[in-house]
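> Below is one structure. I have some questions about it.
The values are calculated or read from the model by the stated rules, or taken from the named source; none is laboratory data. Everything numeric here is computed off the predicted structure, so don't read it as measured data. Here the Cβ positions follow ideal geometry from the backbone for every residue, glycine too, while neighbour counts run over all protein chains shown.
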Amino acid sequence: MYSLRSIAACALVILFALPATGAMAQRIGNATATKNKVDGIVRGAAQTISPGTDVYSNETVRTAVESVADLKFLDETKLSVGPRSEVRLDKFVYNPSGSAGSVVINATRGAFRFVTGTQDVKAYKIRTPYGTLGIRG
């Protein structure tokens, strides 16, 4: 007969042996359009992003030369990522009932266009290598 301790140990081994993919991260939206090569990296695991692909908190989105991606978050925020760009989707907290949330994007390279969603404008923060942008009314 197996002891409770050995069953718990096996469960932990299985849990940590599972690949760290987007399925284990918080889904924050999806890609509405892509062109050419767009990749998403979550916890070291890369996947190709195409229209309909989910995007996750702490995911890095990379576009190649002549590649673009349009992303839409759960709060209706829209993010367009230009060619040869890299954007990390650092933090996304959203409650549809209207309580306080937070969206933090880290744009490390390239061009992007950001349109706020349904949250208060103070909830949005965009970080770049040169400074942090806050959204004002």
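> Exactly one of (1) in contact with an Asp or Glu (Cβ under 8 Å, 6 or more places away or on another chain); (2) under 23 Å from P129 (Cα atoms) is unmet by K91. Its number?
For K91, the exception is condition (1).
> Hey, another quick one. Would you point out the residue of segment 116-130, among those that are among the polar types (S, T, N, Q) and in a loop (DSSP other than H, G, I, E, B), that is surrounded by the fewest Cβ atoms within 10 Å (Cβ to Cβ)? Talk me through it step by step, then tell me what you get.
Of segment 116-130, the ones among the polar types (S, T, N, Q) are 116, 118-119, 128.
Subset that is in a loop (DSSP other than H, G, I, E, B): 116, 118-119.
Details: T116: 16, T118: 14, Q119: 23.
Going through the qualifying residues, I end up with T118.
> Now for a separate question. Between residues in segment 90-106 that are under 21 Å from S80 (Cα atoms) and residues that are assigned to a strand (DSSP E or B) and of a type in the set (S, T, N, Q), which pairs lie under 6 Å by C-beta distance while being six or more apart or on different chains?
That search, which allows pairs on different chains as well, returns D90/N106; K91/S102; V93/S102.
> Being part of a strand (DSSP E or B) and touching a Pro at 6+ places or on another chain (Cβ under 7 Å) is the filter here; which residues of segment 63-100 pass it?
Scanning segment 63-100 gives T63, V68.
> For segment 28-49, which positions are surrounded by fewer than 18 Cβ atoms within 10 Å (Cβ to Cβ), of a type in the set (G, A, S) and within 21 Å of A111 (Cβ to Cβ)?
Across segment 28-49, the qualifying residue is only A33.
> Right, next: With the requirement that a residue be surrounded by 13 or more Cβ atoms within 10 Å (Cβ to Cβ), touching an Asp or Glu at 6+ places or on another chain (Cβ under 9 Å), modelled with pLDDT of 90 or more and of a type outside the set (K, R), what does segment 99-115 give you? Give the steps one after another, and end with the answer.
Initially, segment 99-115 is screened for residues surrounded by 13 or more Cβ atoms within 10 Å (Cβ to Cβ), giving 101-112, 114.
Imposing the further condition that a residue be touching an Asp or Glu at 6+ places or on another chain (Cβ under 9 Å) reduces the set to 101, 103-110.
Retained after the next criterion (residues that are modelled with pLDDT of 90 or more): 103-110.
Within segment 99-115, V103, V104, I105, N106, A107, T108, G110 meet the criteria.
> Select from segment 50-89 the residues that are closer than 13 Å to I28 by Cβ and either among the aliphatic types (A, V, I, L, M) or free of Cβ contacts under 8 Å to residues at least 12 places away in the same chain (or both) and write down the one among them that is surrounded by the fewest Cβ atoms within 10 Å (Cβ to Cβ).
L74
> Taking the residues in segment 59-98 that are closer than 16 Å to Y124 by Cα and of a type in the set (D, E, K, R) as candidates, determine which candidate is modelled with the lowest pLDDT.
The selected residue is K91.
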